[in-house]
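**Q** Below you'll find the structure I mean.
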Amino acid sequence: MAQVEGRGLLRWAGGIMVGLGAGHLSLLAVMARDDIGAWVQKGLWAAVPLAPADAPTQAVLRNELTFWAGPGSFSVPLLLLGCLVWHLAGRGVAVPPWVGWGLAAWCVLGAVLLVPSPFVLGAVAGVLVVLAARRRAAAAGASGAPTPSAAAGADPVR
């Protein structure tokens, strides 16, 4: 089977996203295992209360930080997006370039605000998605074949 244009780029992008999301959650599990263990002991239900305390203690703030750095962060959606991109690449389905542009913009902002950080790798993944979409469009234009409309279903990667 011939190499589908952009498939390798999408696989790399998906792998980077999965690595960043899983790495972030794994690092948190190691660094905040006591807080996560306390959630399990409390039964998980409302382990991180939403109502603000009048004078939050250091333990309450650390508990909230653990939530927002872990399950409340973008690491879970990033992990899921990476799995989706990987899956779509394997099936030869194009990922729209706006996904790459959005990911790249978010990660560049994060990289500017938090230096040094792995946000730069997320920007790389976003650029790879955009490059794959451009390769697909160029290959479709070079072959003269019309590109399927969105209403016709999934747009195969070319």
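**Q** Taking the Cα-to-Cβ direction at Ala105 and at Ala51 and moving 7 Å from each Cα, how far apart do the two end points lie in nm?
**A** Once both label points are built, they end up 3.9 nm from each other.
**Q** So, in nm, how far is label Phe74 from label Arg62 when the simple model puts each one 7 Å beyond its Cα toward the Cβ?
**A** 2.8
**Q** Whose amide H sits under 5 Å from the amide H of Val93, counting only residues 5 or more places off or on another chain, with H placed in the peptide plane?
**A** Result for Val93 returns Val157.
**Q** Once phi is turned into θ = phi - 60°, what whole-Hz ³J(HN,Hα) does the Karplus curve with 6.51, -1.76 and 1.60 give for every residue of region 9-18, x standing for Gly and Pro?
**A** Rounded to whole hertz, the list is 5, 5, 4, 4, 4, x, x, 5, 5, 4.
**Q** Once fully extended, how much extra length lies between Ala29 and His87, figured as 0.36 nm per residue of separation less the alpha-carbon to alpha-carbon distance?
**A** Separation in residues times 0.36 nm, less the Cα-Cα distance, equals 18.2 nm.
**Q** Placing +1 on the Cβ of each Lys and Arg and -1 on the Cβ of each Asp and Glu in region 1-129, which of Ser73, Met17, Trp106 has its Cα farthest towards the positive end of the resulting dipole?
**A** Met17
**Q** Provide Ser26, Ser73 ordered by accessible surface of protein heavy atoms (probe 1.4 Å), highest first.
**A** Accessible-area ranking of Ser26, Ser73, largest first: Ser26, Ser73.
**Q** Turning to a different aspect of this structure: Given a 1.4 angstrom probe, what's the average accessible area per residue across region 27-120, in square angstrom?
**A** Value for region 27-120: 69 Å² per residue.
The values are calculated or read from the model by the stated rules, or taken from the named source; none is laboratory data. This structure is a prediction, so every number in the text was calculated from the model and none was measured. Because the Cβ atoms are built from the backbone with ideal geometry, glycine has one as well, and the counts that use them run over all protein chains shown. Side chains are part of the model used for accessible areas, which takes the heavy atoms of the whole protein and leaves out ligands, DNA and RNA. Shrake-Rupley method; radii C 1.70, N 1.55, O 1.52, S 1.80 Å.
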